[in-house]
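Here is the structure we will look at.
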Amino acid sequence: MSFDSLGLMPELLRAVREQGYEAPTPIQAQAIPLVLEGRDLLARAQTGTGKTAGFTLPLLQRLAPQASTSASPARHPIRALVLTPTRELALQVEESVRTYGRYLPLRSAVIFGGVNINPQVKALRAGVEILVATPGRLLDHHQQGNLDFRHLEVLVLDEADRMLDMGFIRDIRKILALLPAQRQSLLFSATFTDEIKQLASTFLKTPASVEITARNTAAELVRQVVHPVDRERKRALLAHLVQTRGLEQVLVFTRTKHGANRLSEQLDKDGISSMAIHGNKSQPQRIKALESFKKGEVRVLVATDIAARGLDIDQLPHVVNYELPQVPEDYIHRIGRTGRAGSEGEALSLVCVDEHKLLKDIEKLLRKELPKSVVPGYAPDPTIPAEPIQTGRRDSGRRPGRPSGAGGQAPRGERGRHPSRPGARGK
């Protein structure tokens, strides 16, 4: 199958070809025709399956007939809204909109918390037809009277399961109440939990259903290897692997923000350029780290699970679990950052005696034993006893009754509303 067979207009096909894509991914092949028909859609697809283009391309085509070349802001009302859980994902979705819509006179903008609101206000007042937003900042703008959804035609809820994990359910319900009842709605999620199904039932109308990746199935193109090592020698082993194998663009996962900072500093001392990305970093710092990593200016990006959500890095070759996640499903999301869009990838896990139980849980989830390979010179000492894993306040952990996020709280400006603070929101 080719993109030409999906019924896309010439302007979109030209933009797709310029990106070097010839054949659609499975999610694109199934979702695009359904969205073009105007159907509501409930789609299950992991990050890295091409889902963003799966809704961006037909969204652009649906809006194209009424696209205006007028300079008047009034001729550019908000006609499509894409909600995402994180700032990084919002930026990437809006970049996709601009990339594929470059030959169409449609205006787009992205709004998220943690940055100055004034430039966003200016962009909205200039007229925006496609708005990409995180829930908290969207409600901030609505409260200030900056948004008008009377002409909205399409709503997209991207990574809905992450949205709920981060405590945005009340925000989502508030936003749904602001939108016209007559619209097309699309929901994308990596998993179909009962909570997701319940949410979908509240705003999707007789939706078509698309399921691409079996739940908790690791990417088939990812080579997974476990390197047993003593806990105190992990950093040395990581530096050894990066240097001796000449690894470039390595995404490394730690459990805590403090651990990410410390490891990044140690790698820099080893002569390996590195930056950390986590919930305590400011938005400019996060953007700078990600851009430096994408450009190859930084070899290693050390991240926590919450900070890595929504990261979209084409052809990322290597993921390293410096510390195994406490939740087995997070392992699936981590290694799903590589082996994308038909490219092969590699996922290395540095596992000490403390993490044997975590490894067993992951293997149980995968329904297979992961291959073990001891790196010469780094064999673990069998006399070292296991110790309880000290994580403190996990970056991706949750406390009962509180929204999740970095250290049990979403980044400022992106957090869900706590029941006891109905009007609270970060500015």
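The values are calculated or read from the model by the stated rules, or taken from the named source; none is laboratory data. Remember, it's a predicted structure, so these values are computed and weren't measured experimentally. Because the Cβ atoms are built from the backbone with ideal geometry, glycine has one as well, and the counts that use them run over all protein chains shown.
Assorted remarks:
- Residue pairs whose Cβ atoms lie under 6 Å apart, sitting 6 or more positions apart in sequence or on different chains, and linking a residue in the stretch 362-382 that is in a loop (DSSP other than H, G, I, E, B) to a partner that is β-branched (V, I, T), are L370/V226; P371/V225; S373/V225; Y378/V229; P380/V229.
- Considering the stretch 339-370, the residues that are under 14 Å from V225 (Cα atoms) and among the β-branched types (V, I, T) include one that is farthest from the chain's Cα centre (by Cα), namely V351.
- Looking across the stretch 290-331, just one residue is among the acidic types (D, E), at pLDDT 90 or above and under 26 Å from D354 (Cα atoms), and that is E323.
- Filtering the stretch 101-136 to residues that are assigned to a loop (DSSP other than H, G, I, E, B) and within 26 Å of L13 (Cβ to Cβ) leaves G101, R102, Y103, L104, P105, L106, R107, V128, E129.
- Residue identified as part of a helix (DSSP H, G or I), over 30 Å from Y331 (Cβ atoms) and assigned by TED's automatic domain parsing to the domain that holds S185 among I27, I32: I32
- Residue within the stretch 398-419 that is at pLDDT below 75, in the same structural domain as L251 (by TED's automatic domain parsing) and either over 30 Å from Q283 (Cβ atoms) or of a type outside the set (D, E) (or both) present: no
- Condition check for R98: assigned to a loop (DSSP other than H, G, I, E, B), surrounded by fewer than 21 Cβ atoms within 10 Å (Cβ to Cβ) and either basic (K, R) or modelled with pLDDT of 90 or more (or both): no
- Residue match in the stretch 169-181 (condition: modelled with pLDDT of 95 or more, surrounded by fewer than 19 Cβ atoms within 10 Å (Cβ to Cβ), out of contact with any Leu (no Cβ under 7 Å at 6 or more places or on another chain) and not in a helix (DSSP H, G or I)): no
- Conditions (1) surrounded by fewer than 24 Cβ atoms within 10 Å (Cβ to Cβ); (2) at negative phi: number failed by G145: (2)
- Strands (runs of 3 or more DSSP E) fully within the stretch 182-271 counting 3 or more residues that are under 19 Å from the mean Cα position of the chain (by Cα) and not assigned by TED's automatic domain parsing to the domain that holds P24: 250-253
- Test: residue in the stretch 75-96 that is farther than 25 Å from I175 by Cα, touching a residue at least 24 places away in the same chain (Cβ under 8 Å) and over 19 Å from the mean Cα position of the chain (by Cα): no
- Applying the set (1) touching a Pro at 6+ places or on another chain (Cβ under 9 Å); (2) part of a helix (DSSP H, G or I) to A74 leaves exactly one unmet item: (1).
- Here the condition is being among the basic types (K, R), in the same structural domain as A67 (by TED's automatic domain parsing) and closer than 22 Å to L187 by Cα; of R102, R107, R137, R125, it holds for R137 alone.
- Note on the stretch 62-87: among residues that are touching a helix residue (DSSP H, G or I) at 6+ places or on another chain (Cβ under 7 Å) and crowded, with 21+ Cβ neighbours inside 10 Å, the one that is farthest from L152 (Cα to Cα) is R87.
- Residue check for S68: among the hydroxyl-bearing types (S, T, Y) and in a loop (DSSP other than H, G, I, E, B): yes
- Among residues of the stretch 274-297 being of a type in the set (S, T, N, Q) and touching a strand residue (DSSP E or B) at 6+ places or on another chain (Cβ under 7 Å), the one that is farthest from E248 (Cα to Cα) is N280.
- Pairing residues of the stretch 271-296 that are closer than 17 Å to V115 by Cα and without any contact (Cβ under 8 Å) to a residue 40 or more places away in the chain with residues that are among the charged types (D, E, K, R) and surrounded by 15 or more Cβ atoms within 10 Å (Cβ to Cβ), at Cβ distances under 8 Å and at least 6 apart in sequence or on separate chains, gives I277/R286; A289/K281.
- Identity of the residue in the stretch 272-307, closer than 20 Å to A236 by Cα and in a strand (DSSP E or B), that ends up nearest to the chain's Cα centre (by Cα): A303
- Checking T56 against (1) closer than 22 Å to S2 by Cα; (2) assigned to a loop (DSSP other than H, G, I, E, B); (3) in contact with a helix residue (DSSP H, G or I) (Cβ under 6 Å, 6 or more places away or on another chain), the condition it does not meet: (2)
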